[in-house]
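A short worksheet on the structure shown next.
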Amino acid sequence: MLKKIKSSGNWIFQIKTRQYRYFLLFVITITFYSCKEENQIEINGNLSNLPDGMMYLCQDNGVNKVDSVKTVSGKFNFNYTIKNKSREPVYFCLHHIDNEGNFKFISFPTYAKYREGKWFSSMFLSDSIVTIDGDLVDVQTIGIKFDPKTKMVHCPNIIGGYQTNAMFHVNGDLMDNFNKNTYGKMVEYIKQYPKSFHLLYEINNNRNSFSATQIDTLLNLFKGPIMDSDTFNKLKDYKDKRLSKKPNVPLLSDNEGNRVNVLDAKFKKHIVVFWASWCGPCRQEIPTLKELYPLHQKDIEFVSISIDENDSAWQKALEKEQMPWKQLILKEKSAEYVNMEIIFQLSPSIPYVALMDNDFNVVRSHVGLMTDREMEIFWKIK
């Protein structure tokens, strides 16, 4: 009897040991795939009328190609490891070049609008699994001319996860023309999708369009792990700085390497132009500025602030443009950037022109290229 019990006990122990091993293997497997899913995107495509060729996966924009696979009989598959330490979702898009050299920009249908029409987005977010299928449809572009080998096409069906779905329910022109209704719309969107990184990115990219108290309210509407993300916490820090006392105006480097004041107090008005050597509209605006400078230089201080990251590109542009007023540089990763962003209410787009008074108040601002007449009216404001 004792022998039988002992034997049974050994058998039970063996079973438990085996179960423990299986359990351990299960935990390790789940952990591995969970980590894999957080940092990987799998894209499965089946587009029946897609010619054989190469499909390119681009991150953030159409220029940054990060992976490519062959397309055969309309089918393709990506298993791409996302290289970002924060593990936050990133934007992706797809471009295709067939074996004949024909190029296709691919866009996807959404549930939202763009300027009262249906919004087709070229971007989607990096959910762990994305499925794309159907027949591609050629798009007739208005006002945009492509060469004969380049086409824009719509894909009829894309299935992603929470992040892409949330993005595709937000109107594509939400932040195009910021007005008193934009904040209210953003509140409603976050209430519907409180874990949406797309909405968080939109707020962060346009944070100077919102007041500090509005940003505080919006951040409090988010829920879940997104609240531990780098973007969320950086935006929170930025909001806290804006809610505190007005930041000090930093000194910036001029084109001779000297640290100087941004504004000269002997002028009552200051035109501050944010630009970059690589910005086409910024360079296009410079001849107008050069024409207006001798007419206003006694009453208005002119200051150009480049956001170039490359000093040599900035200096080369200065040598070519020959602007006879104060030239400064402000790099986005510099210690001075956040204070300057808050004081000048910087836009994410350039050229950005701010009319300032001596107390560093923004009297008026404008984003984008201005005509000669618009610029003259802009400066005459009292």
* To do: Report, ordered by the first and then the second residue, all pairs with beta carbons closer than 6 Å, sequence separation of six or more or different chains, a first member in the stretch 315-338 that is touching a residue at least 12 places away in the same chain (Cβ under 8 Å), and a second member that is part of a loop (DSSP other than H, G, I, E, B) and open to solvent by less than 60 Å² (accessible area, probe 1.4 Å).
  => Ala317/Ser277; Leu330/Ile307; Glu336/Pro250
* Any residue in the stretch 98-116 that is within 23 Å of Lys70 (Cα to Cα), outside any loop (DSSP other than H, G, I, E, B) and free of Cβ contacts under 8 Å to residues at least 40 places away in the same chain? -> no
* To do: Kindly provide the set of residues from the stretch 88-135 that are among the polar types (S, T, N, Q), open to solvent by less than 30 Å² (accessible area, probe 1.4 Å) and touching a Lys or Arg at 6+ places or on another chain (Cβ under 9 Å), ordered by number.
  => Thr110
* Structure fact -> Checked against (1) part of a strand (DSSP E or B); (2) exposed (fewer than 14 other Cβ atoms within 10 Å of the Cβ), Ala354 satisfies every condition except (2)
* **Criterion: open to solvent by less than 20 Å² (accessible area, probe 1.4 Å) and hydrophobic (A, V, I, L, M, F, W, C) - qualifying residue of Met175, Met167** => Met167
* **Selected residue (criterion: least open to solvent (accessible area, probe 1.4 Å)) from residues of the stretch 256-297 that are touching a Phe, Trp or Tyr at 6+ places or on another chain (Cβ under 9 Å) and farther than 22 Å from Gly368 by Cβ** => Val262
* Asked: Do we have Thr371 as surrounded by fewer than 15 Cβ atoms within 10 Å (Cβ to Cβ) and among the hydroxyl-bearing types (Ser, Thr, Tyr) here?
  -> yes
* Among what's in the stretch 319-340 and is open to solvent by less than 10 Å² (accessible area, probe 1.4 Å) and outside any strand (DSSP E or B), pick the residue that is farthest from Arg259 (Cα to Cα). => Met340
* Considering only the stretch 41-84, give the strands (runs of 3 or more DSSP E) lying wholly within it that have at least 1 residues that are open to solvent by 10 Å² or more (accessible area, probe 1.4 Å) and small (Gly, Ala, Ser). => 65-71
* Asked: So which pairs qualify, if the first residue must be in the stretch 262-281 and more than 18 Å from Asp311 (Cα to Cα), the second must be among the small types (Gly, Ala, Ser), the Cβ gap must be under 7 Å, and the two must be at least 6 apart or on different chains?
  -> Val272/Ala354; Pro281/Gly368
* Here are some residues: Ser209, Ser253. Which one is in a strand (DSSP E or B) and open to solvent by 20 Å² or more (accessible area, probe 1.4 Å)? -> Ser253
* **Single match in Ser312, Ser347 (criterion: within 24 Å of Leu251 (Cβ to Cβ) and open to solvent by 70 Å² or more (accessible area, probe 1.4 Å))** => Ser312
* **Complete set of residues in the stretch 212-237 that are assigned to a loop (DSSP other than H, G, I, E, B) and either among the small types (Gly, Ala, Ser) or in contact (Cβ under 8 Å) with a residue 40 or more places away in the chain (or both)** => Ser229
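The values are calculated or read from the model by the stated rules, or taken from the named source; none is laboratory data. The shown structure was predicted, so the numbers you read here are calculated from the model rather than taken from an experiment. Glycine also receives a Cβ, built like all others from the backbone with ideal geometry; neighbour counts cover every protein chain displayed. Accessible surface areas use protein heavy atoms only, side chains included; no ligands, DNA or RNA. Shrake-Rupley method; radii C 1.70, N 1.55, O 1.52, S 1.80 Å.
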